[in-house]
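To start, the structure under review is shown below, and the notes come after it.
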């Protein structure tokens, strides 16, 4: 089994410069990777979060390129 690093909502929020409540809200709305539950504790895998950030960055780059191509 691969070793993973996990983040709490507070640690994750600090990394993204967001409030922990915003991280939880994004998760509830399905706009952020789902955390793993360890009893009552929720933790996000660093690899899942990094993949999510990379995909968001790629999507924004694609959108910018499309807007530039159409002149918007």
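Based on the mean of other Cβ atoms within 10 Å per residue, sort peptides 49-57, 6-14, 19-27, 61-69 so the most packed one is first.
So the peptides 49-57, 6-14, 19-27, 61-69, ranked by packing, come out 6-14, 19-27, 49-57, 61-69.
With viscosity set to 1.306 mPa s and temperature to 10 °C, compute the Stokes-Einstein D of the range 6-70, Rh being the Kirkwood radius across alpha carbon pairs; µm²/s, no decimals.
Rounded to a whole number, D works out at 123 µm²/s.
So how much slack lies between residue 59 and residue 38, counting 0.36 nm per residue of separation and subtracting their Cα-Cα distance, in nm?
Residue separation times 0.36 nm, minus the Cα-Cα distance, leaves 4.4 nm.
In nm, to one decimal, how far is the modelled label at residue 46 from the one at residue 4, with both set 7 Å along Cα→Cβ?
Going by the 7 Å Cα→Cβ label model, 1.4 nm.
By how many nm would the segment from residue 67 to residue 29 lengthen if fully extended, with 0.36 nm per residue of separation less the alpha-carbon distance?
11.0 nm
Each reported figure results from applying straightforward, stated rules to the coordinates on display, with no laboratory input. Everything quoted here is computed from the prediction, not taken from an experiment. Cβ sites come from the backbone with ideal geometry, for glycine too, and all protein chains shown count toward neighbours.
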